[in-house]
Amino acid sequence: MPSSRPLRADARRNREALLAAAREAFLTGEADAHVEEIARRAGVAVGALYPPFETPEALVGGGYRPEG
């Protein structure tokens, strides 16, 4: 169950960087990019993917969401 506490600033930056890297990969036709590659492009460790994106599918879903 997600916490109601706000994300720490570093966790929020990592999440935003991961979503931006995922979005860029998908927009350039790299929908099959591995999560390790997405993390590398975002400049974060693979461990930063968890818990915000517990599965690769969650990252894909987040990458496809429109910014708003």
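The values are calculated or read from the model by the stated rules, or taken from the named source; none is laboratory data. Everything numeric here is computed off the predicted structure, so don't read it as measured data. Glycine also receives a Cβ, built like all others from the backbone with ideal geometry; neighbour counts cover every protein chain displayed. To get the accessible areas, we keep the full protein, side chains included, count just its heavy atoms, and leave off ligands, DNA and RNA. Shrake-Rupley method; radii C 1.70, N 1.55, O 1.52, S 1.80 Å.
Worth pointing out:
- Protection-proxy order for peptides 22-33, 37-48, 4-15, each taking the mean of Cβ atoms within 10 Å per residue, highest first: 37-48, 22-33, 4-15
- Å² per residue, accessible surface of region 1-42 at 1.4 Å: 76 Å²
- Per-pair calculated FRET efficiency, R0 = 30 Å: Leu27 and Leu7 via Cβ, rounded to 0.05: 0.75
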